[in-house]
Amino acid sequence: MSFFITSEGLGDGANLGGLEGADAHCAALAEAAGVTGKTWAAYLSTTTQNARDRIGTGPWVNAKGVVVATDVENLHSAENNISKETALNEKGEIVNGRGDEPNRHDILTGSDATGVVSGGTCEDWTSAAEDGSTMVGHFDRTGGGTDPTSWNAAHPSKGCHLAGLQGTGGDGLFYCFATQ
């Protein structure tokens, strides 16, 4: 496994403890799932780093061994293999999407479709304030927003707090990629 959606957020909306806290959460979840010896990076852009530049070169496979993308260019193209069936959590489970209760398909990214910072980043992932916003993607490639089928840039959130993220179908979850 070299790619997953977090099965749980950190419980404080988009306050992930910055990139360091998000990366550590990825590593802890992977280790709890029995995946060791890898370096993990959260797919999150900040005011100084783009998500696409943090995640290594690929290829990336889910917990079932299915390739979701061969490299960074493939990941950010229409040919990637991210869907509700392939964007599994670290336990190999399907994450609730649109139509499921509760809907958890809004995935934090702070990125545009090319993986470059776009809009807010909830103070570089240190804020759970009601004001502010960040870009989210739809792993299940469905729903509303500016680009509802985008896995990484579907629409802005309704705040950085957990209630705001849940209000549009999120739960503070994010993507994790093994960088090596």
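Of the numbered conditions (1) under 15 Å from the mean Cα position of the chain (by Cα); (2) surrounded by 18 or more Cβ atoms within 10 Å (Cβ to Cβ), Ala63 fails exactly one; give the number of that condition.
(1)
Here is a check on your reading of the model: is Ile107 more than 24 Å from Gly169 (Cα to Cα), within 14 Å of the chain's Cα centre (by Cα) and buried (at least 20 other Cβ atoms within 10 Å of the Cβ)?
no
Cβ-Cβ under 9 Å, sequence separation 6+ or interchain: first residue in the range 140-168 and without any contact (Cβ under 8 Å) to a residue 24 or more places away in the chain and at positive phi, partner outside any loop (DSSP other than H, G, I, E, B) and open to solvent by 50 Å² or more (accessible area, probe 1.4 Å). Which pairs?
If the second residue must be outside any loop (DSSP other than H, G, I, E, B) and open to solvent by 50 Å² or more (accessible area, probe 1.4 Å), the pairs left are Gly145/Pro156.
Suppose we keep only residues that are closer than 14 Å to Asn15 by Cα and among the charged types (D, E, K, R) within the range 129-180. Which one would you say is surrounded by the most Cβ atoms within 10 Å (Cβ to Cβ)?
Asp171
Would you please name the residue that is surrounded by the fewest Cβ atoms within 10 Å (Cβ to Cβ), looking only at residues in the range 110-128 that are of a type in the set (A, V, I, L, M) and under 14 Å from the mean Cα position of the chain (by Cα)?
Among them, the one singled out is Val116.
Could you pull out the residue among Arg52, Arg98 that is open to solvent by 10 Å² or more (accessible area, probe 1.4 Å), touching a residue at least 60 places away in the same chain (Cβ under 8 Å) and under 13 Å from the mean Cα position of the chain (by Cα)?
After ruling out the rest, the residue left standing is Arg52.
Of Ala32, Ala27, which residue is out of contact with any helix residue (DSSP H, G or I) (no Cβ under 9 Å at 6 or more places or on another chain), aliphatic (A, V, I, L, M), open to solvent by 60 Å² or more (accessible area, probe 1.4 Å) and touching a residue at least 12 places away in the same chain (Cβ under 8 Å)?
Sole residue among the options that is out of contact with any helix residue (DSSP H, G or I) (no Cβ under 9 Å at 6 or more places or on another chain), aliphatic (A, V, I, L, M), open to solvent by 60 Å² or more (accessible area, probe 1.4 Å) and touching a residue at least 12 places away in the same chain (Cβ under 8 Å): Ala32.
The values are calculated or read from the model by the stated rules, or taken from the named source; none is laboratory data. All values derive from a computational prediction rather than experimental measurement. Virtual Cβ from ideal backbone geometry, glycine too; neighbours counted across all protein chains shown. When the accessible area is computed, the model is the full protein with side chains, heavy atoms only, and any ligands, DNA or RNA have been set aside. Shrake-Rupley method; radii C 1.70, N 1.55, O 1.52, S 1.80 Å.
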